[in-house]
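A.B. asks: Have a look at this one.
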Amino acid sequence: MLGNVGSPPDTSLGPEWRNRLTYVTTTGRPLSGRNGTVGTIISAQRLVGVTVRCPRCDASAASVWRRFDYFDHKLPLYFTKCRRCRRRRPLPSYEVAFRLSEAGVSDPVSLLRAGLRKPDAPTRTFGPFDEVPFPRISISVGEAEEVLANRRRAFGRKHPLTFEARSRLCEAIGELGDAHEAARLYEDLLADQMAVADPLSPAILANRYRAAVWTALSGDAARALDSLRALLPAQQAALGDRHVNTLVTRAVIAQLMHETGDIDEAVRLLRQVSDDELEALGSEHPATEASRRLLAQWGP
């Protein structure tokens, strides 16, 4: 059963999610000792008011969609549809946010969070900093394992959405209090990702950052500092010097230098980062405010 419940797009209102398709699938499943049919409602939403680059043909002709179904009962699956090559491709949420940012959307994180079924939990940060854009939705380790198992069955072990589910499992384990295990699992994930994907892809850059953060939270600030120093040139090459993720990495490097005893150089670097954040992001951006707060804590 398929019904179009959408309305004509009004791009003058700016980017927003519109319900476009709602349909029901039926699957055979045992019910009370006998075979029966279970219906699953799948809702698809289209983001109107913005066009992104197609991940396949690289033309700025793709629309962004998301759907909620039995693969992830709390998390949406994102994908693009391209008018040029006529292909549909699923994408992890952090790559969607990256492409929205490329298309000029000022706050892609809030846009991805809009209308989700479950409100976001407070984001886990390292000190005052956090990697963005990456919309966080709190799920338990058991739920994350269920999502990962479903995606492996649906997409295979080497699909970007399967890698994203592994990343969420790492985060859930870290949030539970095992930072060392979260960092170890991220290292395993990165080894598998880099064997099949571009090392400069947004997904790999984001996971390298998170692996370093959990390494620091596990108590190994020196190793985390080395990891972030190695990550920074890759971010600058892929994202540019003024991208928020590049700036945040520089700020966290300064913080880790301060924690490992190189205080004067840390203060100097963070002042440089704060000035660059003010110019690139504005005075009210959370990253700019975080750097200023940390400088105030460190004193003159």
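The values are calculated or read from the model by the stated rules, or taken from the named source; none is laboratory data. On a predicted model such as this, the values are computed, not experimentally measured, just so you know. Virtual Cβ from ideal backbone geometry, glycine too; neighbours counted across all protein chains shown.
A.B. asks: Could you count how many residues in the range 279-300 are within 12 Å of residue 244 (Cα to Cα) and surrounded by 16 or more Cβ atoms within 10 Å (Cβ to Cβ)?
C.D. replies: Looking only at that region, the number is 6.
A.B. asks: When residue 226 is evaluated against the numbered criteria (1) surrounded by fewer than 16 Cβ atoms within 10 Å (Cβ to Cβ); (2) among the acidic types (Asp, Glu); (3) under 19 Å from residue 101 (Cα atoms), which criterion, by number, is the only one it fails?
C.D. replies: (3)
A.B. asks: Check residue 96 against each of (1) assigned to a loop (DSSP other than H, G, I, E, B); (2) modelled with pLDDT of 85 or more; (3) within 27 Å of residue 192 (Cα to Cα) and name the one condition it does not meet.
C.D. replies: That leaves (1) as the condition not met.
This table checks each residue for (1) under 21 Å from residue 252 (Cβ atoms); (2) assigned to a helix (DSSP H, G or I); (3) hydroxyl-bearing (Ser, Thr, Tyr); (4) modelled with pLDDT under 90.
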{"residue": "151", "(1), (2), (3), (4)": "no, yes, no, yes"}
{"residue": "171", "(1), (2), (3), (4)": "yes, yes, no, yes"}
{"residue": "184", "(1), (2), (3), (4)": "yes, yes, no, no"}
{"residue": "189", "(1), (2), (3), (4)": "yes, yes, no, no"}
{"residue": "203", "(1), (2), (3), (4)": "yes, yes, no, yes"}
{"residue": "211", "(1), (2), (3), (4)": "yes, yes, no, no"}
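A.B. asks: Out of (1) outside any strand (DSSP E or B); (2) of a type in the set (S, T, N, Q); (3) at pLDDT 50 or above, what's the single condition that is false for residue 7?
C.D. replies: (3)
A.B. asks: Would you be able to tell me the number of residues in the range 87-107 that are surrounded by 23 or more Cβ atoms within 10 Å (Cβ to Cβ) and farther than 15 Å from residue 65 by Cβ?
C.D. replies: Number of matching residues: 2.
A.B. asks: Now a separate question. Residue 238 - would you say it is buried (at least 22 other Cβ atoms within 10 Å of the Cβ), touching a residue at least 24 places away in the same chain (Cβ under 8 Å) and in contact with a Leu (Cβ under 7 Å, 6 or more places away or on another chain)? First the steps, then the outcome.
C.D. replies: Working: buried (at least 22 other Cβ atoms within 10 Å of the Cβ): no; touching a residue at least 24 places away in the same chain (Cβ under 8 Å): yes; in contact with a Leu (Cβ under 7 Å, 6 or more places away or on another chain): yes.
Taking the combined requirement at face value, the residue does not satisfy it.
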